[in-house]
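The values are calculated or read from the model by the stated rules, or taken from the named source; none is laboratory data. Just so it is clear, the model here is predicted, and its values are computed rather than measured. As a convention, Cβ positions derive from the backbone with ideal geometry for all residues, glycine included, and neighbour counts pool all protein chains shown. These accessible areas exclude ligands, DNA and RNA; they are computed on the full protein's heavy atoms, side chains included. Shrake-Rupley method; radii C 1.70, N 1.55, O 1.52, S 1.80 Å.
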Amino acid sequence: RLVQTLLGDSLEKKWLENNKSLNIKDICMIAIQTLDRIEYVHSKNYLHRDIKPENFLVGHPDSSVIYLIDFGIAKKYRSSRTGKHIQSLKIKKINGTIIFLSINAQRGNEQSRKDELESLGYMYIYLAKGGLPWSNIKADKMEDMITKTGIMKSKISVENLCQKLPNEFCQYMNYVKKLSFERKPNYEYLRNLFKNILFRIKERLDNIFSW
């Protein structure tokens, strides 16, 4: 609560205040900044492992800056001394928020950089479309919730998931899903996808959000 007081509202709250849908310019600028934040975390050999709108806060009083918070379940994915990457293994506990988890993580596998980027992609679609296809799945047990959402995530095509959004959203999701476990992502390529949208709709990258 103290952090939220100092930095401002979360992206989730901004989304709710805007009737569960943010405009494309906002989404593109959010994507560019959040990719910056995640790239920085990854450069320090860590994964955040809980990507969701509540963990990105809008700066206060400077609302042009987005901050990443809550590193409670962060984990090293490679050694800072040797550079050795962790292995792709089954793990006992699923970490993160189910709605935004990558398919790989939801199956109970170790996460890597590609999983964080997939989670970011789900977050962008969620903020742009007012939700995700599995947002309203109900289940009495967490195990059933994990199973049901996992099945839907696996079955839905990228094209259907990104329907009515600029094609760059499809390009983003296809790219991150095809990354291998240890592969370093091309963060600049991903940022440029959203810069291309801004250019096409004749909007400037000025970090002046609608709020």
note = So the carbon and sulfur contribution to the accessible area of segment 23-179, 1.4 Å probe, in percent, is 50 percent
remark   = On the formula 1/(1 + (r/R0)^6), with r taken between the Cβ atoms of residue 88 and residue 148 and R0 of 25 Å, the FRET efficiency rounded to 0.05 is 0.55
key: By accessible area with a 1.4 Å probe, ligands and nucleic acids excluded, highest first: order of 119, 64   = 64, 119
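With a ≥ b ≥ c the root eigenvalues of the C-alpha gyration tensor of the chain, is it rounded (a/c under 1.5), prolate (a/b larger than b/c) or oblate?
Rounded is the answer for the chain, as its axis ratio a/c remains below 1.5.
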query = Between segment 30-88 and segment 101-163, how many Å separate their Cα centres?
reply = 19 Å
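Dipole of segment 62-128, Cα-centred, from +1 at each Lys and Arg C-beta and -1 at each Asp and Glu C-beta, to the nearest 20 debye? Numbers along the way, then the final one.
Working: 11 positive and 6 negative charges, 120 e Å.
Here segment 62-128 has a charge dipole of around 580 debye.
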query = Per residue, what accessible area does the chain have, given a 1.4 Å probe and all protein chains present, in Å²?
reply = 53 Å²
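Do the alpha carbons of any pairs in 75/114; 52/114; 44/202; 153/195; 90/177 sit beyond 24 Å of each other, and which pairs?
44/202; 153/195
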ask   = Under the classification rounded if a/c is under 1.5, otherwise prolate if a/b is larger than b/c and oblate if not, where does segment 84-194 fall, given a ≥ b ≥ c as square roots of the Cα gyration tensor eigenvalues?
value = oblate
query = Once phi is turned into ³J(HN,Hα) by the Karplus curve 6.51 cos²θ - 1.76 cosθ + 1.60 with θ = phi - 60°, what whole-Hz value does each residue of segment 115-130 show in order, with x for glycine and proline?
reply = 5, 5, 6, 5, 4, 4, x, 4, 5, 4, 5, 4, 5, 7, 9, x
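Using DSSP to call loops (not H, G, I, E or B), can you name the trypsin sites (Lys or Arg not before Pro) in segment 128-211 whose Cβ has at most 13 other Cβ atoms within 10 angstrom?
Sites meeting the loop and neighbour criteria: 138, 141, 164, 183, 202, 204.
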message = Give the residue list of trypsin sites (Lys or Arg not before Pro) in segment 21-120 that are DSSP loop and have at most 14 other beta-carbon atoms within 10 angstrom.
response = 44, 81, 84, 92, 93, 107
